[in-house]
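Notes for the one structure printed next.
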Amino acid sequence: MSVPAFLPEMPESLPRFEALTVGFVNLLPLVGVVGFGWNVAALLTLYWLELGVVCVWALVRATVAGRPSEFENDPLILGPLGRKHVAIPLPFTALSIRLSSLPVVVIAIPVLAVFWFFAGVMTVGFVGLESVDDGIFLGVVVSAAGIFVSEGVRTGVTYVHRGEYRKHSAQTAIQGPFIRVGTLILGAMAALTVAAIVDPAVETDEPIHAVDPTVTGSLLLVGVIMLKLSIDLVSVYRDRLEAFDESQALDLGFLYEPPEVKRIETSLATDPVHLRPTLSGRIAGGVTNLRRHPSAVFVGMFFLAVAALFAVGRAWNIALSIGITGVSVMIALGQIDYWLRYGWIEYRTDGDAIVAYDRRFRTPLWRVESWDELDLRVEQGWVDGWLDTATVIIMLQDRTLRLPHLDDPDPVLDTFDRKP
């Protein structure tokens, strides 16, 4: 990507420059304390608001992350979403929103909100805002607004302009706030605990928020600033920590790299055979899906357990309604998962390879050559027997592929030049 004229060239010693910038920014709150009479409550309030700003911009970065998200153990609904490398381009930009990033962002929003609120309770809640007058609080809010703008500029320049988004998935882009929440709480609690020990006015049976603010001020100031400085430096030197992690054969968590999107070759010989699950198989497939993904059953069992409690109290109408709702939710989850996996899939084969193509999202999912399979078998469960269809299982080196409810599996079997 070319550099716009209004943006300066990035210096070669960028990590050192960013480290100096991080150190300067982390010392700026001292100006508020010394020059404007901020107390510890005002300082912690600013850091808490800054944490909220970091969460907001982390969600933005996660939304436009360039690499797909990974979901282990092929979970219900999330599994098929993670395998669909579909991206919605944003107009007039090189950015796009990946389909696999959306569930990560949707889950992260309430989780980050709870963590942010909990961090405020555990830090600002202990110190209290009674000693922060309106003038100081206005200064804190203005400072937080400045942090919001600066974090946005940093996201635009570092994450977007320099192409850092190409190295991240939504899962890695969202990690920063979780680290800051944990360290902020631990650091503040440690500082308050030490202050309670050294404050002679606090009895051993008094709560920790009874500590004298004049005693806790310097401890909290040094503790929180140094903690925040260390976290920011870790983010600056993350690449060096990754190299250290790899060279020492350690597992510090810095070495993980999200998967890249691999191009799938879709070209086949002329007039390939097109196969799809039958319509009846797509309608009934959600029921068979429950056996392989029991998490939907667990959701239904929760509803049924609640219905049983009402049945014990002889509230039959409520119990019946909740029971029907539970069964409906269970079947609906299985059906949604099935359609995301197989409902819009078309299998194309020319006798030498099979390509799975998602007609709904207009993207290929995988390609298997005739020599790739390790094992091949045909299953015909009770649904297949009832519908007069067959399910083909293809065992590969790294995964297992299911081609469910095919009316005629012979073109697939002929691709591998043998019958199972």
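No lab work stands behind these numbers, since they all come straight from the coordinates. Please read these numbers as outputs of a predicted model, since none were measured by experiment. Cβ coordinates were reconstructed from backbone atoms using ideal geometry, including for glycine residues, and neighbour counts include every protein chain displayed.
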Legend entry - Distant-in-sequence amide H partners of residue 169 (H built 1.01 Å from N, under 5 Å): 67
Legend entry - trypsin sites (Lys or Arg not before Pro) within the range 345-393, DSSP loop, no more than 15 other Cβ atoms inside 10 Å: 359, 360, 362
Inset, instruction - Using only Cα atoms, figure out Rg for the range 315-384 and give it as a multiple of 2.2 N^0.38 Å. - result: 1.71
Inset, instruction - Kindly put 328, 280 in sequence by how many other C-beta atoms sit within 10 Å of each C-beta, fewest to most. - result: 328, 280
Inset, instruction - Take the Cα pairs of the range 273-415, get the Kirkwood Rh, then feed it into Stokes-Einstein at 20 °C and 1.002 mPa s and tell me D in µm²/s. - result: 127
Inset, instruction - Using only the Cα atoms of the range 61-119, build the gyration tensor, take square roots of its eigenvalues as a ≥ b ≥ c, and label the shape rounded, prolate or oblate: rounded if a/c is under 1.5, else prolate if a/b is larger than b/c, else oblate. - result: oblate
Inset, instruction - Sort 106, 412, 273 so the one with the fewest other Cβ atoms within 10 Å of its own Cβ comes first. - result: 106, 273, 412
Inset, instruction - Please list, in chain and number order, the residues 5+ apart from residue 96 or on another chain whose amide H is under 5 Å from its amide H, with Hs placed from the backbone. - result: 90
Legend entry - Cut-off under 5 Å, modelled amide H: who pairs with residue 363 long-range: 358
Legend entry - Karplus-derived 3J(HN,Hα), 6.51/-1.76/1.60, for each residue of the range 326-334, Hz, glycine and proline x: x, 5, 5, 5, 4, 5, 5, 4, x
Legend entry - Net +/- balance of residues flanking residue 100 in space, Cβ distance below 12 Å, scoring K and R +1, D and E -1: +3
Inset, instruction - Enumerate the calculated ³J(HN,Hα) couplings along the range 270-276 in order (Karplus 6.51 cos²θ - 1.76 cosθ + 1.60, θ = phi - 60°), each rounded to whole Hz, writing x wherever the residue is Gly or Pro. - result: 4, 6, x, 7, 10, 10, 9
Inset, instruction - Rounded to whole Hz and in sequence order, give me ³J(HN,Hα) for the range 293-307 from the Karplus expression 6.51 cos²θ - 1.76 cosθ + 1.60, θ = phi - 60°, writing x for Gly and Pro. - result: 10, x, 4, 5, 5, 4, 5, x, 5, 4, 4, 5, 5, 5, 4
